[in-house]
Amino acid sequence: MAGVTLCLINQKGGCGKSSTCFHLAGAFAGLGYSVLAVDADPQGSLSQGFFGSDEIENLPAEQTLAAVFDESTFFVDRRQLIRQTSFDNIAILPTNLHLATFNAPTPESAGMIQYSLRDALDEIGEYDVTLIDCPPNLYQCSWNAMIAADYVVIPVPPEDFGTQGLRAVHQCIDNARKLNTNLRRLGHLITRYDRRLLVHRSYEARLRTLYQEMVLDTVMPEVSAFKVALACRQPVQAYAPKSKAAASMRALAGELLTRIENRTNRKTMA
Ligand SMILES: Nc1ncnc2c1ncn2[C@@H]1O[C@H](COP(=O)(O)OP(=O)(O)OP(=O)(O)O)[C@@H](O)[C@H]1O
Ligand SMILES: [Mg+2]
């Protein structure tokens, strides 16, 4: 497979962006793909998931993604920023609060910094799958992710009834597509879903009516295995491969790959 880069975007906090990135990395790795997890959120949740908070919080800026945004560290070889995790096939470009100073709220007028992540990933070279976790806003870090990515996944919690928020996300994707014409939407991913709740079933129905095939068939259930595995610093695929959580993540990885394949074929035909 040619390398693909996916970013997870939503300005809504706590909707499962980092959790999905973390466990999806495990699912892709379990399928035999080499995965690069890029933590583009100054909160550093994805990095802490793999290495714990003490190790990540103490990293100097020049050993994190912040170096990629900082003109004064242009001499740092981007490949040196990559850390191997304790899982075969999963490497990470880590982040901590040093990135916050670069997450400016008006990214589109920011000159060459908009391309920092894209250029760094070009320099780092190819992984089968690169997953970029983004902060809960549409500032410079999310913008850089969209400029660097081939595909966007939009995790949505099934109780987010404000359409305003999603509209802003789609507007931002449209704007990013002016600079990155490769960028495609893979779909909305319903996260933290509890089938027993009428409110969740109603939300799902409404989202599918509104966005049709732009909603992924796979839905991420709210199950404690995701949290427990994360607390043990293991993707659920490694922690409990036979669990419902692991099966859901594998299904998501499979559906994303199918959608990517279909879109690639369509592009070739066009
Ligand atoms: N499907 C799920 N089942 C159970 N818990 C989940 C699930 N998805 C996420 N969580 C938990 O919900 C919390 C928020 O998830 P997460 O950190 O992934 O959200 P986020 O969108 O990255 O948040 P932020 O916007 O702050 O970056 C975490 O404690 C996570 O473990
Ligand atoms: Mg997060």
Within the chain: Cβ-based charge dipole about Cα centre, in debye rounded to nearest 20 (Lys, Arg +1; Asp, Glu -1): 1180
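How large, in percent, is the carbon and sulfur part of the accessible surface of region 1-138 at a probe radius of 1.4 Å?
On the way: 2650 of 5590 Å².
Reported share for carbon and sulfur atoms: 47 percent.
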Probe 1.4 Å - accessible area at residue 45, Å² to nearest ten: 50
Normalised contact order of region 4-269, rounded percent, pairs of Cα under 8 Å and 6 or more residues apart: 26
Lysine pairs with alpha-carbon atoms under 23 Å apart, the chain, spacing 8 or more or separate chains: 7
Heavy-atom accessible surface of region 152-252: percent carbon and sulfur, 1.4 Å: 53
Amide hydrogen neighbours beyond the local backbone of residue 215, cut-off 5 Å, H modeled: 188
Amide H partners (placed H, <5 Å) of residue 38, local residues excluded: 93, 131, 132, 133
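What number comes out for accessible area per residue over region 15-98 if the probe is 1.4 Å? Units Å², please. Don't jump to the answer; show the numbers that get you there.
Working: 3280 Å² over 84 residues.
Per residue, region 15-98 has 39 Å² of solvent-accessible surface.
Hey, got the dipole for region 228-270? About the Cα centre, +1 on K and R Cβ, -1 on D and E Cβ, debye to the nearest 20?
Details: 8 positive and 2 negative charges, 10 e Å.
For this selection, approximately 40 debye.
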Accessible solvent surface per residue of region 144-270, calculated while the other protein chains remain in place, 1.4 angstrom probe, Å²: 51
Gyration tensor (alpha-carbon) shape descriptor, region 192-261, a/c threshold 1.5: oblate
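The values are calculated or read from the model by the stated rules, or taken from the named source; none is laboratory data. The shown structure was predicted, so the numbers you read here are calculated from the model rather than taken from an experiment. Counting neighbours? That spans all protein chains shown, and the Cβs are built from the backbone with ideal geometry, glycine included. What goes into the accessible areas is simple: the full protein's heavy atoms, side chains included, and nothing from ligands, DNA or RNA. Shrake-Rupley method; radii C 1.70, N 1.55, O 1.52, S 1.80 Å.
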